[in-house]
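Q: Starting off with a structure, shown below.
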Amino acid sequence: FAIGGAGAVGTAALSLARWQGARAVAAVRQLAQAEKLRAQGIEAIVLPADGTLAAAVKNLLPSGADVIIDTTGAWATPAVSALATYGRLAVIVTKGEGDVNLPLRDLYRRGGSIVGVNSLLFNGADCAKLFERLRPAFEAGKLVPPGPIVERELSSEGYRELQAGARGKIVFTFN
């Protein structure tokens, strides 16, 4: 069971979790967001107005979540209390300097762990190998891109479009 956000990164993470056989749930702040996700076949929970992630997760899973994916940098502290025994918190980004207060005793007593996921540690060749492993799942429709994809030939025009704030995900291609 994995819980993540509903933005582009969170949706991609949840899609990967579902592809690997996990029950994946998006945690959102608004009912309209949850309804939109549910219409797409994505299970969603609405966080209470006070933002108590643990209460929302435990309403769904009394034992807590096996994995929580923090894609915003805002949920690391409350996520610890929402973890199941031996649960894992995957942190993809931090806010500001990244200094947070964590309930370490709670993490310790759960046997939990925190994993940093930093895509900048991988070079282009490593990423190409990963994408090659994922390609069959995309081709079979088991994985879908998080939002519209705009293909552009690698050129100065394509970069200008990106810098101008183009919508969607831009993929540069080579001839």
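Q: Can you pull out every residue in region 77-104 that is basic (Lys, Arg) and within 19 Å of Thr52 (Cβ to Cβ)?
A: Lys95
Q: Restricted to region 3-12, and to residues that are touching a Gly at 6+ places or on another chain (Cβ under 7 Å) and open to solvent by less than 20 Å² (accessible area, probe 1.4 Å), which residue is nearest to Pro145 (Cα to Cα)?
A: Gly10
Q: Tell me which residues, restricted to region 41-54, are surrounded by 12 or more Cβ atoms within 10 Å (Cβ to Cβ) and part of a loop (DSSP other than H, G, I, E, B).
A: The answer is Ile42, Leu47, Pro48, Gly51, Thr52.
Q: Given (1) modelled with pLDDT under 90; (2) assigned to a strand (DSSP E or B); (3) under 21 Å from Gly10 (Cα atoms); (4) not basic (Lys, Arg), where does Ile114 come up short, assuming only one miss?
A: With (1) modelled with pLDDT under 90; (2) assigned to a strand (DSSP E or B); (3) under 21 Å from Gly10 (Cα atoms); (4) not basic (Lys, Arg) applied to Ile114, the lone miss is (1).
Q: Please identify the pairs in which a residue from region 120-139 that is in a helix (DSSP H, G or I) has its Cβ atom under 6 Å from the Cβ atom of a residue that is surrounded by 10 or more Cβ atoms within 10 Å (Cβ to Cβ) and among the aromatic types (Phe, Trp, Tyr), counting only partners at least 6 apart or on another chain.
A: Once the first residue is in a helix (DSSP H, G or I) and sits in region 120-139, its partners that are surrounded by 10 or more Cβ atoms within 10 Å (Cβ to Cβ) and among the aromatic types (Phe, Trp, Tyr) give Ala137/Trp19.
Q: Next up: Out of Arg133, Arg105, which single residue is exposed (fewer than 12 other Cβ atoms within 10 Å of the Cβ), closer than 22 Å to Ala8 by Cβ, basic (Lys, Arg) and out of contact with any helix residue (DSSP H, G or I) (no Cβ under 7 Å at 6 or more places or on another chain)?
A: Just a single option satisfies the conditions, and that option is Arg133.
Q: Restricting to region 108-130, name every residue that is surrounded by 12 or more Cβ atoms within 10 Å (Cβ to Cβ) and β-branched (Val, Ile, Thr).
A: Those that are surrounded by 12 or more Cβ atoms within 10 Å (Cβ to Cβ) and β-branched (Val, Ile, Thr): Ile114, Val117.
Q: When the residues of region 140-149 are narrowed to those that are assigned to a loop (DSSP other than H, G, I, E, B) and touching a residue at least 12 places away in the same chain (Cβ under 8 Å), which ends up surrounded by the fewest Cβ atoms within 10 Å (Cβ to Cβ)?
A: Checked region 140-149; the qualifying residue surrounded by the fewest Cβ atoms within 10 Å (Cβ to Cβ) is Pro148.
Q: OK, next. Given the residues Val57, Val67, which is the only one that is part of a strand (DSSP E or B) and either modelled with pLDDT of 90 or more or open to solvent by less than 70 Å² (accessible area, probe 1.4 Å) (or both)?
A: Val67
The values are calculated or read from the model by the stated rules, or taken from the named source; none is laboratory data. Since this is a predicted model, take the numbers as computed values, not measurements. Because the Cβ atoms are built from the backbone with ideal geometry, glycine has one as well, and the counts that use them run over all protein chains shown. When the accessible area is computed, the model is the full protein with side chains, heavy atoms only, and any ligands, DNA or RNA have been set aside. Shrake-Rupley method; radii C 1.70, N 1.55, O 1.52, S 1.80 Å.
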